[in-house]
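A short write-up of the structure that comes next.
The values are calculated or read from the model by the stated rules, or taken from the named source; none is laboratory data. The shown structure was predicted, so the numbers you read here are calculated from the model rather than taken from an experiment. Reconstructed Cβ throughout: ideal geometry from the backbone, glycine too, with neighbour counts over all protein chains shown. The accessibility values were calculated without ligands, DNA or RNA, using every heavy atom of the protein model including side chains. Shrake-Rupley method; radii C 1.70, N 1.55, O 1.52, S 1.80 Å.
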Amino acid sequence: MGSESEDDLVIRLVADRLMQAHPRLAAGLVQAAVATAYEELRYARVRTYLPVLMERRARDLLSFDEQPPSP
């Protein structure tokens, strides 16, 4: 069991938490935002706060997607 399986678990937990918080969003959209957040943070040297940082980044991405496009 390497860090890959731990990362997969973190990704799934963050996505589940966000889907519960935003049930109206498509699961694929939430999973894509979490995957993007993970890709941006995956090489962080300190991994203690990775789940919190991933969730915050994914929320930022999702809130941008939830807003209607500007004219």
For the pair TYR49 and HIS22, the simple spin-label estimate (label points 7 Å beyond Cα toward Cβ) gives in nm 2.2
When every protein chain stays in place and a 1.4 Å probe is rolled, ASP7, ASP16, ASP60 sorted by accessible area with the largest first are ASP60, ASP16, ASP7
Note on the range 7-62: the mean projected area of its alpha-carbon convex hull, in nm², is 3.3
With a 1.4 angstrom probe the carbon and sulfur portion of accessible area for the range 1-53, in percent, totals 57
